[in-house]
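Coordinate-derived values only; no laboratory data. Source: prediction; values computed, not measured. A quick note on method: Cβ atoms are made from the backbone with ideal geometry, for glycine too, and the neighbour counts reach across all protein chains shown.
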Amino acid sequence: MKLSEVKEILKAEVVAGEEHLGRTVVAGVGSDLMSDLLTGPTADAVLLTGLNNVQVVKTAVVAGIGAVILVRGKRPAPDMVRHAKEQQLPLLTTPFTMFSACGRLFEKGLRGVEKKAVGTGEVKEGLGR
Amino acid sequence: MQSLTKTFRVQPRDFVKAGEASLKIQRLLKDIGFDPTLIRRVAVCAYESEMNVVMYGGEGKILLEVSAEKISVITDDDGPGIEDIEKALQEGYSTAPPEYREMGFGAGMGLPNIKKNADLFEIRSGKGDGTTLVMSFEVRQ
């Protein structure tokens, strides 16, 4: 899914990295836990988080995350914006809650980064769409 | 390619600079042109170990050694060390105070994740002895 579509679906505002909206994200992650980004196959995924600190940007870059979206309309701290720009990581903010934001993206076809099939048989490792 | 060795200093409790050594390592490996999956594994391990030094360690450094066959990351610090290494390697075990958890860290996944991502992983530590992590990664052509 193109990041520009994600932005539309989440009625999000771009705080940094407007020039990267053509980027494709292959999956979604909703987490406030940095180890979730570092332990899973999260490369090129979009991260939805309520965590609002500069370490989120650094962790996302290390994990190869494609974009970070703050939920509940949170405004990022200035040093978070500066780091995101430096690292060319798109940073957005959406008025939706974590649950609703994830649901909206899922509804439009974006999937998670599950490692194992969980009953349905349709989920494969590191799967995007 | 020519072999390369580089050292990065890591300051305990410096959350402004925390992670920057690993981002530099990631950038350096990207510039050399290694496989993205390999770079991600190295960067994740370097970062987990760097954050450990920042959160729990003492004065530390990360030594990066790169050759055409192998990438090594050696992180060591002169902090209080790990009393029970076996426990520290268990998923979910953590001694993190609430403020680290509020930052999204301290879930007890760091060392287990390093072990999972590195081809070779060694840990040397003891109470009062600091901690040394040796992580190496084969470069498969």
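Using the reciprocal of the averaged 1/r over all distinct C-alpha pairs, how large is the Kirkwood radius of chain A in Å?
Answer for chain A: a Kirkwood hydrodynamic radius of 14.2 Å.
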*Quick one: among B:69, B:59, B:50, which has the greatest mean-square fluctuation in a GNM of chain B with alpha-carbon springs under 10 angstrom?*
B:69
_Neighbouring partner chain Cβ atoms per residue of B:62-75, average, 10 Å criterion_ = 0
*Seen from all sides and averaged, what is the projected area of the convex hull of the Cα atoms in segment A:50-108, in nm²?*
3.9 nm²
_Principal axis dimensions, largest first and in whole angstrom, of the protein assembly as shown by Cα_ = 52, 43, 41
*To one decimal place, what orientation-averaged projected area in nm² is obtained for the convex hull of the Cα set of chain B?*
7.8 nm²
_Computed over segment B:37-107, Kirkwood Rh from alpha-carbon pairs, angstrom_ = 13.6 Å
*Can you bin segment B:86-141 into rounded, prolate or oblate? Criterion: square roots of the alpha carbon gyration tensor eigenvalues sorted a ≥ b ≥ c, rounded for a/c under 1.5, prolate for a/b above b/c, oblate for the rest.*
oblate
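Taking beta carbons within 10 Å but only from partner chains, what does the mean come to for residues A:12-21? Show your work: numbers first, answer last.
On the way: counts 0, 0, 0, 0, 0, 0, 0, 0, 0, 0.
Partner-chain Cβ atoms within 10 Å, mean over residues of A:12-21: 0.
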*Where the Cα pairs of segment B:1-67 fall when distances are cut into 5 Å bins, in %*: 4, 18, 29, 23, 14, 8, 3, 0
*Could you please state, rounded to a whole Å, how far the C-alpha centre of segment A:1-24 is from the C-alpha centre of segment B:1-79?*
31 Å
*asked:* With only alpha-carbon pairs counted, each pair once and no self-pairs, how large is the Kirkwood hydrodynamic radius of segment A:1-55 in angstroms?
replied: 12.1 Å
*asked:* Can you order the peptides A:68-77, A:35-44, B:40-49 by their average number of other Cβ atoms within 10 Å per residue, highest first?
replied: B:40-49, A:35-44, A:68-77
